[in-house]
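The block underneath contains the structure these notes are about, expressed in structure tokens.
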Amino acid sequence: MWIRSQDKKRLINTSNLYVFGTCLKSSDVDFALGNYKSEERALEVLDIIQSRIIKGATFDYINNSKRTTKEFVFQMPEE
């Protein structure tokens, strides 16, 4: 899944996310994707990402008989 970091400076494709204290991290990179006021809030954001994964990371639509497929990019929420 594509995720844009909270500071909007990084865009990564990851499949491994975890909460480390108040941070949400990916095992693919060496930085936090988002920092939150509590571990509970970080877990809430992880739950939101899980919900998005269940819905699917790609979607398509038809406009003027042309089918277009796009991939969803999750934007890490601000605090």
Out of (1) surrounded by 15 or more Cβ atoms within 10 Å (Cβ to Cβ); (2) touching a residue at least 24 places away in the same chain (Cβ under 8 Å), the odd one out for Glu79 is which? (1)
So the check is Cβ under 9 Å with 6+ separation or different chains; which pairs have a first residue in the range 7-34 that's on the phi > 0 side of the Ramachandran plot and a second one that's modelled with pLDDT of 95 or more and surrounded by 12 or more Cβ atoms within 10 Å (Cβ to Cβ)? Gly21/Glu39; Gly21/Ala42
Residue list for the range 28-79, restricted to those being in contact with a strand residue (DSSP E or B) (Cβ under 6 Å, 6 or more places away or on another chain), assigned to a helix (DSSP H, G or I) and more than 17 Å from Ile12 (Cα to Cα): Ala42, Leu43
Inside the range 2-21, the number of residues satisfying the requirement of being surrounded by fewer than 17 Cβ atoms within 10 Å (Cβ to Cβ) and outside any strand (DSSP E or B) is 8
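The values are calculated or read from the model by the stated rules, or taken from the named source; none is laboratory data. Everything numeric in this text was worked out from a predicted model, so none of it was measured. Neighbour counts are summed over all protein chains in view; Cβ atoms, including those assigned to glycine, are modelled from backbone coordinates with ideal geometry.
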